[in-house]
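**Q** Sharing a structure here in structure tokens format.
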Amino acid sequence: MRICSIASGSSGNCIYVGSDTTHLLVDVGISGKRTEAGLKELDLSMRDIDGIFITHEHADHIAGLGVLGRKYGVPIYATRGTIEAIKRTSSVGVIPDDLFLPVQADEKIIIKDLVCNPMKISHDAAEPVAYRISHGKKKVGIVTDLGTYNDYTVESLRGMDALLLEANHDVNMLQVGPYPYYLKQRILGDRGHLSNERAGQLLCSLLHDKLQAVILGHLSKENNLPELAYEAVRVEVTMACRQMEEEEGMPLAKTADFPMYVAARSEVSKVIHIA
């Protein structure tokens with residue numbers, strides 16, 4: 001099983017997850033041409049794609065959906081609320097109704113040898129979800145666009161072998177940056193986006209000995225930097241885990257080094273192979 005970011009950031013998201021026989025995309029928030037070029041770098045084409053899973057209807061997650069849906073007839077999986085919102089989005093054009101297949105949070109969908117489990121997230125969209133995808137005992141989670149998290153989020157993501165997790169913004173960069181006040185408040189709110197620090201805190205709750213890779217994604221172009229996100233999440237994981245373990249009277253066991261990467265904004269990132 002493998003996972004790869006074709007594009008990840010506030011200007012467009014497209015993630016590939018696959019096995020030897022099954023190939024999926026999570027979101028197509030970049031142009032059809034860029035999506036096809038990204039797949040070509042993975043020695044794949046859109047003809048190989050068995051399904052497109054959409055997290056929500058914002059443009060940076062569906063920009064290429066209309067073109068690719070009409071051209072290739074690939075099944076599109078999304079919640080009913082998201083499907084209706086996509087149909088109201090004029091920029092994607094008309095997509096044939098029979099391509100849409102509704103999903104529901106916490107109800108699994110089987111695509112050949114992959115199992116996809118949507119999970120609820122907190123974001124200002126119609127009916128947004130994140131996705132956990134498994135192949136046998138191997139499991140990856142793709143979680144972006146969540147303003148906050150709770151016990152449900154943590155429980156849903158326990159035991160992942162790889163995790164693509166949002167680290168959207170540095171709070172200070174956002175607060176002093178050029179965004180208007182209302183947009184800053186939206187991003188910082190419970191239905192906005194995870195900061196670097198909050199991503200690190202969530203990650204601390206999810207660390208375990210068999211976690212093979214963490215990919216930080218959906219970085220804001222204006223309010224974050226790859227090296228800043230990487231270091232801030234590392235520091236926050238160490239601090240949060242130390243505090244948790246001291247409160248529980250346990251030895252510092254989970255703060256050891258673990259593989260972490262930052263997904264590139266506009267190019268294909270490292271392919272993570274789940275051993």
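The values are calculated or read from the model by the stated rules, or taken from the named source; none is laboratory data. Remember, predicted model here, so these are calculated numbers, not experimental data. Don't worry about glycine lacking a Cβ; one is built from the backbone with ideal geometry, like all the others, and counts go over all protein chains shown. Ligands, DNA and RNA are excluded from the accessible area calculation, which covers all protein heavy atoms including side chains. Shrake-Rupley method; radii C 1.70, N 1.55, O 1.52, S 1.80 Å.
**Q** Just the Kirkwood number for region 57-204, please: inverse of mean 1/r across all distinct Cα pairs, in Å, one decimal.
**A** Hydrodynamic radius (Kirkwood, Cα only) of region 57-204 equals 16.7 Å.
**Q** Keeping all protein chains in place, calculate the accessible area per residue for the chain (probe 1.4 angstrom), answer in Å².
**A** 44 Å²
**Q** Moving on to the next point. If you take all C-alpha pairs in the chain, what percent of them are over 29 Å apart?
**A** It works out to 27 percent of all Cα pairs.
**Q** Find the relative contact order for region 1-122 and round it to a whole percent, using C-alpha pairs within less than 8 Å whose residues are 6+ positions apart.
**A** 20 percent
**Q** Here is a follow-up. Using Cα-Cα distances under 8 Å and only pairs 6 or more residues apart, what relative contact order does the chain have, in percent?
**A** So the answer I get is 19 percent.
**Q** Could you tell me what % of all Cα pairs in region 1-46 have separations over 18 Å?
**A** In whole percent, the long-distance tail amounts to 17.
**Q** Next question. Kindly sort Tyr179, Tyr16, Tyr261 by accessible area of their heavy atoms, largest first, with the probe set to 1.4 Å. Display every interim value, and only then the final one.
**A** Details: Tyr179 55, Tyr16 5, Tyr261 80 Å².
My answer, sorted largest first, is Tyr261, Tyr179, Tyr16.
**Q** Please give the calculated 222 nm ellipticity per residue for the chain, where each DSSP H segment of at least 4 residues contributes -39500 (n - 2.57) and the sum is spread over every residue; nearest 500 deg cm²/dmol?
**A** -8500 deg cm²/dmol
**Q** I've got another one for you. Taking every DSSP beta bridge that has both residues in the chain, what percent is antiparallel when rounded to the nearest 5?
**A** Approximately 55 percent, going by the DSSP bridge assignments.
**Q** Amide H of Asn224 versus every other amide H placed in the peptide plane: which residues, excluding those fewer than 5 positions away on the same chain, fall under 5 Å?
**A** Residues meeting the amide H criterion: Asp170.
**Q** Picking from Thr22, Thr79, Thr35, which is most flexible by a Gaussian network model of the chain using Cα springs under 10 Å?
**A** Judging by the Gaussian network model, the answer is Thr22.
**Q** Let me ask something else about it. Could you give the size of the charge dipole of region 1-56 about its Cα centre, using +1 on the Cβ of each K and R and -1 on the Cβ of each D and E, expressed in debye and rounded to the nearest 20? Can you show the working numbers first?
**A** Working: 5 positive and 7 negative charges, 35 e Å.
Around 160 debye, computed over region 1-56.
**Q** How big is the antiparallel share of DSSP beta bridges in region 34-142, given as a percent to the nearest 5?
**A** Counting only bridges with both partners in region 34-142, antiparallel ones make up about 70 percent.
**Q** Could I ask something else about it? When only alpha-carbon atoms count, how far does region 175-253 stretch along each of its three principal axes, as whole angstroms with the largest first?
**A** 45, 25, 20
**Q** For the peptides 120-128, 205-213, 193-201, what is the packing order when you average, over each peptide's residues, the other Cβ atoms within 10 Å and list the highest mean first?
**A** So the order, starting with the most tightly packed, is 193-201, 120-128, 205-213.
**Q** Once the principal axes of the Cα atoms of region 11-118 are found, what is the range along each, listed largest first in whole angstroms?
**A** Principal extents (Cα only, largest first): 35, 32, 25 Å.
**Q** At a 1.4 Å probe, what is the % contribution of carbon and sulfur to the accessible area of the chain?
**A** 51 percent
**Q** Please report, to two decimal places, log10 I(q)/I(0) for region 47-89 at q = 0.23 Å⁻¹ as given by the Debye formula with identical point scatterers on the Cα atoms and no solvent.
**A** -0.76
**Q** In addition: Using the alpha-carbon atoms, what tilt in degrees (0 to 90, nearest 10) does helix 196-206 show relative to the longest principal axis of the chain?
**A** The angle comes out at about 90 degrees.
**Q** Considering every Cα-Cα pair within region 122-233, what fraction, in whole percent, is farther apart than 19 Å?
**A** In whole percent, the long-distance tail amounts to 44.
**Q** Further, regarding this structure: Going by alpha carbons, how many degrees (0 to 90, nearest 10) lie between the helix axis of 32-41 and the longest principal axis of the chain?
**A** Once rounded, the angle reads 70 degrees.
**Q** How big is the Rg/Rh ratio for region 109-172, C-alpha atoms only, Rh by Kirkwood, two decimals?
**A** Taking Rg over the Kirkwood Rh, I get 1.00.
**Q** Could you derive backbone 3J(HN,Hα) for region 220-232 from the dihedral phi with the Karplus parameters 6.51, -1.76 and 1.60 (θ = phi - 60°), listing whole Hz in sequence and x where the residue is Gly or Pro?
**A** Karplus values, whole Hz, x for Gly and Pro: 6, 5, 8, 10, 7, 9, x, 5, 5, 4, 4, 5, 5.
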